[in-house]
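The values are calculated or read from the model by the stated rules, or taken from the named source; none is laboratory data. All values reported here derive from a predicted model rather than from experimental measurement. Cβ placement follows ideal geometry from the backbone for every residue including glycine, while neighbour counts extend to all protein chains displayed.
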Amino acid sequence: MQYSYTKQHPPQSPICPYCHSLHTQWLDTRAPESEQHLPKLSTFSPMTLASIGMQVSRRFHVPPLLGGLAGLVMGGMVLLYVNLQKPPVIMRYQCEQCMGQFEIQCEP
């Protein structure tokens, strides 16, 4: 089941998968442990890579404008990759009727 949410306002309470009650309570939100150790590619901003591209192009006697554009394009691709790699969020609920706890994976 996929839900979207904001950090201040969790989604409407889901139905309990055990007893099918509508009376569920949100407990907490967390990120999966396996996804927390992703490399920090977000440090490579497009402007940083454009600057690096200009410096590298000077060493190879290529116009710095071309190196800057190549770095800018690569930085944009890295930024797009980082934005697409956001891990899902797990929301934990407890049923007020049967007291069963369950988790739902949500899109950030």
Checklist entry - Of all residues in the stretch 7-60 being of a type in the set (A, V, I, L, M) and within 22 Å of Val89 (Cβ to Cβ), which is modelled with the lowest pLDDT? => result Leu38
Checklist entry - Counting just the residues of the stretch 90-108 that are surrounded by 12 or more Cβ atoms within 10 Å (Cβ to Cβ) and in contact with a Ser or Thr (Cβ under 6 Å, 6 or more places away or on another chain), which one comes out modelled with the lowest pLDDT? => result Met91
Checklist entry - Looking at this structure, is Met74 under 22 Å from the mean Cα position of the chain (by Cα) and either in a loop (DSSP other than H, G, I, E, B) or touching a residue at least 12 places away in the same chain (Cβ under 8 Å) (or both)? => result yes
Item to check | Matching residues in the stretch 78-101 - criterion: being under 30 Å from Pro46 (Cα atoms), part of a loop (DSSP other than H, G, I, E, B) and of a type outside the set (S, T, N, Q) | outcome: Lys86, Pro87, Pro88
Next on the checklist: Need the failing condition index for Ile104 against (1) under 30 Å from Cys16 (Cβ atoms); (2) over 26 Å from the mean Cα position of the chain (by Cα); (3) in contact (Cβ under 8 Å) with a residue 12 or more places away in the chain, just the number.
Outcome noted: (2)
Checklist entry - Does Leu65 satisfy the condition of being part of a helix (DSSP H, G or I), hydrophobic (A, V, I, L, M, F, W, C), modelled with pLDDT of 80 or more and out of contact with any helix residue (DSSP H, G or I) (no Cβ under 7 Å at 6 or more places or on another chain)? => result yes
